[in-house]
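The values are calculated or read from the model by the stated rules, or taken from the named source; none is laboratory data. Fair warning: this is a prediction, and the values are worked out from it, not measured in the lab. We work out accessible area using only protein heavy atoms, side chains counted, and drop any ligands, DNA or RNA first. Shrake-Rupley method; radii C 1.70, N 1.55, O 1.52, S 1.80 Å.
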Amino acid sequence: MQIGEILRWGCDYLRDRGVTEPRLNAEILLAHVLNVKRLSLYLNLKDRVSTREAELFQRFLFRRGKREPLQYIIGEVIFSRLSFRIRKGVFIPRPETEFLVREALQRIVGDTKVLDVGTGCGAIGLTLAWFSNAEVTLLDKSKPAVRLAEENRKNLGLSSRQVKLAGADFLSFVDRTKSRFGMIISNPPYIPVSEIERLPEEVKREPKGTLFGGPDGLRFIRSLISEGYRILSAGGHLIFEIGYGQKKAVTDLVTRGGFILEAIIKDLAGIDRVVVCRKN
Ligand SMILES: C[S@@+](CC[C@H](N)C(=O)[O-])C[C@H]1O[C@@H](n2cnc3c(N)ncnc32)[C@H](O)[C@@H]1O
């Protein structure tokens, strides 16, 4: 089969199974199988693919057709222009979280000590370490996440002096640590549990502990604010992501928690997404 033909076939297969952007998905999967850039598919539409390549492509299409996230299949996600390994069992970084990183980078001075709470594959903290001189601690209670974050640290060539890993629950970390941080950053689990049925099939494939923040979505955010306060230096920043409709409740929580609210930043969809506050 030629590249053009197999792409058309793959696109139809995914469309029939309700995958959004079937053409783009088929292109990314085929480019991954052939180990080329997507553009080169278009430059070589008449080239033939081998039987082995066609079979691998079919296996990937099958998984995608069952709504496994594309990033788990190809094992990579691009975040803030950096490439991160990703796999099943770990949350997939989202583009809107790049707004969180941008706000943090504007406020890091020199080798500020940063704690990334709930680091997942390490996307936030490692990006901060890459683009600044911050000394970053990546914290997650999930062992698969901590292992993957460590792999990503090594892949990016960041030193273990600049980036530390901590496998622990946030609350026990706060109780144990003697460090004081100039910045705490987090993309916490913040979806209310009642929304589970409304989520796309792909999102339901991610670990529940990475998504849900109790009945109102704010369970983790409450401890982030109260416990984060204890380990932040005076004047230090707490920067975190929130979900749709959480602005008012979170504004009350941070101001009652002893923080000065500096900004709430919207994402590209116009949703209040990033809370920036400073310890009073
Ligand atoms: C929404 S994911 C964000 C992952 C990553 N920061 C990102 O943006 O791609 C939330 C992360 O918080 C971690 N987490 C949840 N509860 C935690 C807790 N009590 N202590 C430490 N980490 C926690 C989860 O394992 C998950 O990796």
Length-normalised contact order for the chain - Cα pairs under 8 Å, 6+ apart - percent: 13 percent
Hydrodynamic calc, the range 176-242: Kirkwood Rh from Cα pairs, then Stokes-Einstein at 4 °C with viscosity 1.567 mPa s, so D in µm² s⁻¹ is 98 µm²/s
Accessible area in square angstrom per residue, the chain, 1.4 angstrom probe: 50 Å²
Percent of alpha carbon pairs in the range 86-202 separated by more than 20 Å? 42 percent
When the accessible area of the range 3-66 is computed with all protein chains present and a 1.4 Å probe, what percentage of it is carbon and sulfur? 50 percent
The answer for the chain, counting only DSSP H helices whose Cα atoms cover 15 angstrom or more along the axis and whose Kyte-Doolittle average is -0.5 or greater, is 3-16, 22-34, 97-107, 219-231
Distant-in-sequence amide H partners of K164 (H built 1.01 Å from N, under 5 Å): V136, T137, L138
D for the range 90-279, whole µm²/s, Stokes-Einstein with Kirkwood Rh over alpha-carbon pairs at 20 °C and 1.002 mPa s: what number? 130 µm²/s
With a ≥ b ≥ c from the Cα gyration tensor eigenvalues, square-rooted, and the rule rounded for a/c under 1.5, otherwise prolate when a/b > b/c and oblate otherwise, the range 3-66 is prolate
Quick one: which residues, 5+ away or cross-chain, put their amide H under 5 Å from the amide H of E262? H built at 1.01 Å from N. V276, C277, R278
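Using the Cα atoms of the range 1-109 to build a convex hull, what is its mean projected area in square nanometres?
Spelled out: convex hull of the Cα atoms, projected over all directions, averaged, 8.1 nm².
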Quick one: which residues, 5 or more positions from K113 or on another chain, have an amide H under 5 Å from its amide H? H modelled 1.01 Å from N in the peptide plane, none for Pro or chain starts. E135, G182, M183
Please list, in order along the range 259-270, the HN-Hα scalar couplings obtained from phi with the Karplus expression 6.51 cos²θ - 1.76 cosθ + 1.60 (θ = phi - 60°), rounded to whole Hz, x for Gly and Pro. 9, 9, 7, 8, 6, 10, 9, 8, 8, 5, 8, x
If the limit is 27 Å between Cα atoms, which of K204/K247; K113/K143; K37/K208; K37/K204; K46/K88 go over it? K37/K208; K37/K204; K46/K88
Using Cα centres only, tell me the gap between the range 200-232 and the range 244-275 in whole Å. 15 Å
